[in-house]
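Here's the structure we're looking at; comments come further down.
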Amino acid sequence: MGSPNGLVHRGWRRTELKKGDQVTVEGYGAKDGSNMANAGTVTIPDGRKLFGGFQTTPGAPVKQPRFSVTPPRGAPRSNPG
C-alpha cells in the first residue's frame, strides 16, 4: 500500500474498512513467491474502487491539478509588459 498521506489523497479514509468487511484486491504478487503483494485496486463493500498502490505503481491514477491556470471567460488578463 502507498503512504498514509498518499492514500488519503486517493480517496481512502480511516473509517473505510471495518473488521469483517469483504474486499476484492487486485495487485501484484512478490517476485520471489513469498506471501506478499502490492495492492493496486481495492474494491470496498459499497462497490467503490480505491487505488491502494504507490504513485509509481502501474495503473496509478493521474494526478489532477487542483486549480485551473486559465482565467475564466471575461476576466481581465494581465499584460506582462
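Observations
- Of all residues in the range 33-43, one or more are of a type in the set (A, V, I, L, M, F, W, C) and either under 14 Å from the mean Cα position of the chain (by Cα) or at positive phi (or both).
- Residue list for the range 12-39, restricted to those being outside any strand (DSSP E or B), within 16 Å of residue 51 (Cα to Cα) and either modelled with pLDDT of 85 or more or aliphatic (A, V, I, L, M) (or both): 17, 23
The values are calculated or read from the model by the stated rules, or taken from the named source; none is laboratory data. If you're wondering where the values come from, they're calculated on a predicted model, not measured in any experiment.
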